[in-house]
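Novice: Dropping the structure in here first, questions after.
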Amino acid sequence: ILLLSIILASWITYVYWRWSLSSVSLHKQILQGVTRNEFIPFYQPIIDSRNQTLVGCEVLMRWSRPDGSLMPPNQFIPYAEDNGLIVAMTECMVEHMVKDIQTYGDAMPALFFSVNIVPDHLKNDDFFQLIKGYIDNQAFGKHRLGIEITERMPIDDLTQARSFLDKFYALGIELKLDDAGTGYGGFSYVQQLGISTLKIDKMFVDTIGHDDNFNAKTIEAIISFSKKSELDIIAEGVETQEQVDYLAQHKVYLIQGYFYSKPLDSRAFFKYKI
Ligand code: C2E
Ligand code: CA
Ligand code: CA
Ligand code: CA
């Protein structure tokens, strides 16, 4: 028993030590990554299926590590969102995006660029001032900036969030509700935040073609809710022609998903052809 508990205790100490070490160093590496501008944008095309034209994109963060590797968001974004780091990383990514647009953007039709924000962004005046500065200097040229916020995270003070958002709206920036139908906010977010567009989550798109009554009803309910509330709709995670067709039958034409394209680096995106 004694031996066993010594082994157990040292194992627990070891695991704790590893855990604290790894999160401490992740924290430090992210801060370092911000000063070295390592958080870069990938761009996933959003297509109008009626005429097969590119209308915009979602801007998705990647971590370009000093060793040349590219880290996907699921390995660092949840930590960054929980620890107050995401706003600085978004600023870094947007700075890269502005450079990309200024370098390659002229050759493209006018597009919207939709950047992911979280509730922390709506308390951060530095972030707003950065964006305002870009808009004042017409840094996006003919292109438009958009923002999207997930329904999965609670917003504690909707009134405060709305008055902050009004400052973005005054600059002509629209807000999309991401992961619509999966989280907290639902109807109250739409009513109180001034949302222009719902993004239907992949989770619902995945059910298209599987004749499960409940899920088919859910996606139809989301679509008819957007229609009644006069919201635009983007379907996310679209992978098949069958899904594109079903959505078109339901008058959902803005499509984001592997069916058209994965997220692309700047060089590939700015010469993307359908
Ligand atoms: P999200 O905002 O829901 O972004 C859509 C995710 O779905 C992207 O994953 C995209 O690559 C993926 N996706 C799009 N179409 C398809 C498809 O047809 N099939 C499949 N299997 N996947 C598809 P990604 O880039 O790995 O990002 C994952 C999540 O990380 C994002 O989900 C978002 O929650 C977060 N994220 C990414 N960039 C940022 C950012 O700049 N800021 C914040 N706060 N979160 C970000
Ligand atoms: Ca998103
Ligand atoms: Ca989404
Ligand atoms: Ca999603």
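Novice: I need to check one value: relative contact order of region 25-174, counting alpha carbon pairs closer than 8 Å and at least 6 residues apart, in percent.
Specialist: Working: 177 pairs, mean separation 31.6, N = 150.
Once normalised by length, the contact order is 21 percent.
Novice: Looking at region 24-125, send over the antiparallel percent of its DSSP beta bridges, to the nearest 5.
Specialist: Values: 12 of 16 bridges.
Bridges in region 24-125 are about 75 percent antiparallel.
Novice: Going by average Cβ density within 10 Å per residue, which order do the peptides 102-109, 139-146, 31-38, 252-259 take, highest to lowest? List each step's numbers first, then the result.
Specialist: Details: 102-109: 13.0, 139-146: 17.8, 31-38: 14.8, 252-259: 20.8.
Taking the mean over residues of other Cβ atoms within 10 Å, the ranking is 252-259, 139-146, 31-38, 102-109.
Novice: Can you check how the C-alpha radius of gyration of region 152-274 compares to 2.2 N^0.38 Å, as a plain ratio? Walk me through the numbers before you get to the answer.
Specialist: Values: Rg = 15.8 Å, N = 123, 2.2 N^0.38 = 13.7 Å.
Compared with the compact-globule rule of thumb, region 152-274 sits at 1.16.
Novice: Multiply the residue gap between Asp212 and Asp265 by 0.36 nm, knock off their C-alpha separation, and tell me the result in nm, one decimal place. Each step should come with its number before you reach the end.
Specialist: Values: separation 53, 0.36 × 53 = 19.08 nm, distance 3.68 nm.
Net length gain for the segment: 15.4 nm.
Novice: With a 1.4 Å probe and every protein chain left in place, work out the accessible area per residue of the chain in Å², rounded to a whole number. Before the final figure, lay out each step's value.
Specialist: Details: 14300 Å² over 274 residues.
Result: 52 Å² per residue.
Novice: Relative to the longest principal axis of the chain, what angle (0 to 90°, nearest 10) does the C-alpha long axis of helix 2-35 take?
Specialist: It works out to around 50 degrees.
Novice: Tell me, what % of the accessible area of the chain is carbon and sulfur with a 1.4 angstrom probe? The partial results should precede the final answer.
Specialist: On the way: 7840 of 14300 Å².
So the carbon and sulfur contribution to the accessible surface is 55 percent.
Novice: Find the relative contact order for the chain and round it to a whole percent, using C-alpha pairs within less than 8 Å whose residues are 6+ positions apart.
Specialist: On the way: 396 pairs, mean separation 53.0, N = 274.
In percent, rounded to a whole number, it is 19.
Novice: Let me ask something else about it. Round to the nearest 10 and give me the degree value, 0 to 90, for the angle of helix 86-104's Cα axis relative to the longest principal axis of the chain.
Specialist: In the chain, helix 86-104 runs at an angle near 50 degrees to the longest axis.
Novice: Give me D for region 1-67 in µm² s⁻¹, whole number, from Stokes-Einstein with Rh from the Kirkwood sum over alpha-carbon pairs, 25 °C and 0.890 mPa s.
Specialist: On the way: Rh = 16.2 Å.
D = 152 µm²/s.
Novice: How big is the antiparallel share of DSSP beta bridges in the chain, given as a percent to the nearest 5? List each step's numbers first, then the result.
Specialist: On the way: 15 of 40 bridges.
Percentage antiparallel, nearest 5: 40.
Novice: If you take all C-alpha pairs in the chain, what percent of them are over 32 Å apart? Provide the component values of the computation, followed by the final result.
Specialist: Details: 11209 of 37401 pairs.
Value for the chain: 30 percent of Cα pairs lie more than 32 Å apart.
Novice: Can you give the FRET efficiency to the nearest 0.05 for Leu158 and Trp11, using r as the Cβ-Cβ distance and R₀ = 41 Å?
Specialist: Details: r = 46 Å, r/R0 = 1.12.
Efficiency for this residue pair is about 0.35.
The values are calculated or read from the model by the stated rules, or taken from the named source; none is laboratory data. Because the structure is a prediction, the values reported are computed rather than measured. Using ideal geometry, Cβ is built from the backbone for each residue, glycine included, and neighbour counts are taken over all protein chains shown. With ligands, DNA and RNA removed, areas are computed over all heavy atoms of the protein, side chains included. Shrake-Rupley method; radii C 1.70, N 1.55, O 1.52, S 1.80 Å.
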